[in-house]
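K.L.:
Once you've had a glance at the structure underneath, I'll fire off some questions.
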Amino acid sequence: MVKLDPWGSSQFQDYARLRDEFGIEPMTPELWMDLEQPHWLLRRGTVFGHRDFGVVHDAIRRREPWAVLTGLMPSGKMHLGHKMVIDQCIDWQRHGADVTIAVADFEAYATRGFSIEQARELGIEEYVKTYLALGLKPQAAEVYFQTTRARVKDLAYEFGLKVNLSTMRALYGFEDSTSIAHVNAPLMQAGDILHVQQERKGGPRPTLVPVGVDQDPHIRLARDVATAFRVYSVQVAADGRPGVFLKGPGETKALLDRAERILRDLGFGELKRNDAYKAIYVDGATRADLQRVSLALAKAESAMGGHGFVQPSSTYHRFMTGLDGGKMSSSRPMSAVFLGDDPKESEKKFMAAKTGGRASAEEQRRLGANPDVCSVYEVYHDHLARQDDKYLSTVYTECKTGKRLCGGCKAEAWNLLKNQLKEIQEKKAQVTQAELKEILSYE
Ligand code: TRP
Ligand code: SF4
């Protein structure tokens, strides 16, 4: 069995298997094909899986409000792998999302031994400035710190009501020796994810969490917590009939009346209500129908003062392979291309990267090389070719057929990458206090 460890350092290879084992859905083309200029990370399958992305896709098509929430732990320098998350956030701004990004200073404190001051400082200097340099638009984005946002901490605390230790053990493999602060970190992350659906941030609405696949346990937790606090359960019942069900005690009649009204307003006529079962059946409702109903009822719950959180959606991207063939990670400097490093230093690392090349030039010319296992090709694929499919396929074919040798191929990639890094660094140096002030929130 594969294990997903959000704090681990393993590099997965078999993403399809990972997806199937955890019930992650494949990111099929009908989910993004009709978007205006879909991002290359989607088109090329780097974003390979999702949960409930269809809800977000619907919101985009209907031009309804939707949110993106993600977070990064300030535990080292930003590298190309981190850039992929921010690239996606930036692109979703173009598709109507309001974007919120958590600086996970609490998580760095609880799981990596950083002081909160260190984590905050690193968060601003290394992370937030780079987000702006990469092109995140401060007008439609907000960055905050876990430790200064009281309502996120309050949610984390409250979510503890519905989560027990055995769930946490099953999700994360926590041991008896795990500190409670560490146990609390995933609840804080659920707080991050769901707080954007509070009234103050726009109320219940489809919420996308773009992350690396190691974060999936956190997503499952946040989705379960969202459901646990709902008054109405919108689902397909055990007998196969879709409907709206009241979960707890309370004013059955008044609550069902309210749900019935909302269902009729949404245009569902064929309702079968059964007060004794606390149920309103909506026979024939599709999954998409139920998601629409759930959102409408969540809004009503929120208006009644509850947590009307709809389950967040997620997308998962593959990890960048490190230059050394493992996972790209800031804890192994030789594996990573850091966005802020002096290009001269990175050049050496890059030129020494593991490739899919052959033992000799002669052999490579004769037999071709293997871009599918090449960390340099991955950099072309995820960062250099951008929307230029023709260029990417030229690199691919030339590699496969032996027309391209690794030395020249690396030099070509490095030249492009160096320019990108230079641009990011120049922009980062020009980030103004006013821009920082616009994007950062301390409450
Ligand atoms: N756990 C994430 C990481 O290790 C950071 C994070 C904190 C996050 N809160 C989040 C990610 C909310 C997505 C959504 O980098
Ligand atoms: Fe990788 Fe380029 Fe060598 Fe092919 S030619 S294996 S893409 S470095």
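The values are calculated or read from the model by the stated rules, or taken from the named source; none is laboratory data. What you see is a predicted model, and the numbers here were worked out from it, not measured in a lab. Positions of Cβ are backbone-derived with ideal geometry, glycine not excepted, and every protein chain shown enters the neighbour counts. Only protein heavy atoms, including side chains, enter the accessible area calculation; ligands, DNA and RNA are left aside. Shrake-Rupley method; radii C 1.70, N 1.55, O 1.52, S 1.80 Å.
K.L.:
Please verify whether Leu171 is in contact with a Lys or Arg (Cβ under 9 Å, 6 or more places away or on another chain), more than 16 Å from Gly71 (Cα to Cα) and buried (at least 17 other Cβ atoms within 10 Å of the Cβ), treating the condition exactly as stated.
P.N.:
Yes; evaluated as a whole, the condition is true for this residue.
K.L.:
Among the listed residues Gln197, Gln189, which satisfies the condition of being part of a loop (DSSP other than H, G, I, E, B) and either open to solvent by less than 10 Å² (accessible area, probe 1.4 Å) or under 27 Å from Met328 (Cα atoms) (or both)? Full working, then the answer.
P.N.:
Details: Gln189 fails: part of a loop (DSSP other than H, G, I, E, B).
Of the residues listed, the single one that is part of a loop (DSSP other than H, G, I, E, B) and either open to solvent by less than 10 Å² (accessible area, probe 1.4 Å) or under 27 Å from Met328 (Cα atoms) (or both) is Gln197.
K.L.:
Would you pick out the residues in region 388-408 that are surrounded by fewer than 16 Cβ atoms within 10 Å (Cβ to Cβ) and closer than 30 Å to Glu36 by Cβ?
P.N.:
Asp388, Asp389, Lys390, Tyr391, Ser393, Thr394, Thr397, listed by residue number.
K.L.:
Could I ask something else about it? Just one of (1) under 24 Å from Ile424 (Cβ atoms); (2) of a type in the set (Val, Ile, Thr); (3) open to solvent by 10 Å² or more (accessible area, probe 1.4 Å) trips up Thr46, so point out which.
P.N.:
(3)
K.L.:
Quick check on my filter: what residues within region 158-186 are in a helix (DSSP H, G or I) and within 16 Å of ligand 1 (Cβ to nearest atom)? Spell out how you get there, then give the answer.
P.N.:
So the first thing to find is which residues in region 158-186 are in a helix (DSSP H, G or I), and the list is 158-162, 165-172, 180-186.
Matches in region 158-186: Phe159, Met168, Leu171, Tyr172, Ala181, His182, Val183, Asn184, Ala185, Pro186.
K.L.:
Could you check, for region 345-354, whether at least one of its residues is closer than 23 Å to Tyr127 by Cα and open to solvent by 60 Å² or more (accessible area, probe 1.4 Å)?
P.N.:
Checked against the condition, which is being closer than 23 Å to Tyr127 by Cα and open to solvent by 60 Å² or more (accessible area, probe 1.4 Å), region 345-354 yields at least one hit.
K.L.:
Still on this structure: Would you please name the residue that is modelled with the highest pLDDT, looking only at residues in region 302-325 that are among the aliphatic types (A, V, I, L, M) and surrounded by 19 or more Cβ atoms within 10 Å (Cβ to Cβ)?
P.N.:
By that ranking, first place goes to Val310.
K.L.:
With out of contact with any His (no Cβ under 9 Å at 6 or more places or on another chain), assigned by TED's automatic domain parsing to the domain that holds Pro65 and crowded, with 16+ Cβ neighbours inside 10 Å as the only criterion, which of Ala150, Ala141 stands out?
P.N.:
After applying the criteria, what remains is Ala141.
K.L.:
Under 9 Å between Cβ atoms, at least 6 apart or on separate chains: pull out the pairs that start in region 101-124 with a residue that is more than 16 Å from Asp192 (Cα to Cα) and end on any residue that is aromatic (Phe, Trp, Tyr) and in a helix (DSSP H, G or I).
P.N.:
So the pair list comes out as Ser115/Tyr109; Ile116/Phe106; Ile116/Tyr109; Gln118/Tyr109; Ala119/Phe106; Ala119/Tyr109.
K.L.:
Can I ask one more? Give the residue, chosen from Lys253, Lys247, Lys272, Lys299, that is open to solvent by 60 Å² or more (accessible area, probe 1.4 Å) and touching a Pro at 6+ places or on another chain (Cβ under 9 Å). Steps first, please.
P.N.:
Numbers: Lys253 fails: touching a Pro at 6+ places or on another chain (Cβ under 9 Å); Lys247 fails: touching a Pro at 6+ places or on another chain (Cβ under 9 Å); Lys272 fails: touching a Pro at 6+ places or on another chain (Cβ under 9 Å).
Going through Lys253, Lys247, Lys272, Lys299 in turn, the sole match is Lys299.
K.L.:
Here is a follow-up. Here are some residues: Ala385, Ala411. Which one is within 13 Å of ligand 2 (Cβ to nearest atom), surrounded by 18 or more Cβ atoms within 10 Å (Cβ to Cβ) and closer than 25 Å to Leu339 by Cβ?
P.N.:
Exactly one of Ala385, Ala411 is within 13 Å of ligand 2 (Cβ to nearest atom), surrounded by 18 or more Cβ atoms within 10 Å (Cβ to Cβ) and closer than 25 Å to Leu339 by Cβ, namely Ala385.
K.L.:
Can you name the number of the only condition in (1) farther than 21 Å from Lys422 by Cα; (2) more than 9 Å from ligand 2 (Cβ to nearest atom); (3) among the basic types (Lys, Arg) that Arg358 fails?
P.N.:
Result: Arg358 fails condition (2) only.
K.L.:
Considering (1) open to solvent by less than 10 Å² (accessible area, probe 1.4 Å); (2) part of a loop (DSSP other than H, G, I, E, B), say which one Thr70 fails and leave the rest.
P.N.:
That leaves (2) as the condition not met.
K.L.:
Answer yes or no as to whether Arg61 is open to solvent by 10 Å² or more (accessible area, probe 1.4 Å), under 27 Å from Gly23 (Cα atoms), in the same structural domain as Pro206 (by TED's automatic domain parsing) and within 12 Å of the chain's Cα centre (by Cα). Give the steps one after another, and end with the answer.
P.N.:
Working: open to solvent by 10 Å² or more (accessible area, probe 1.4 Å): yes; under 27 Å from Gly23 (Cα atoms): yes; in the same structural domain as Pro206 (by TED's automatic domain parsing): yes; within 12 Å of the chain's Cα centre (by Cα): no.
Taking the combined requirement at face value, the residue does not satisfy it.
K.L.:
Still on this structure: Please verify whether region 34-42 includes one or more residues that are surrounded by fewer than 21 Cβ atoms within 10 Å (Cβ to Cβ), touching a residue at least 60 places away in the same chain (Cβ under 8 Å), in a loop (DSSP other than H, G, I, E, B) and within 12 Å of ligand 1 (Cβ to nearest atom).
P.N.:
no
K.L.:
Give Ser330, Ser375 a once-over and let me know the one that is within 16 Å of ligand 2 (Cβ to nearest atom), in contact with a strand residue (DSSP E or B) (Cβ under 7 Å, 6 or more places away or on another chain) and either in contact (Cβ under 8 Å) with a residue 24 or more places away in the chain or not assigned by TED's automatic domain parsing to the domain that holds His218 (or both).
P.N.:
Criteria check complete, one pass: Ser375.
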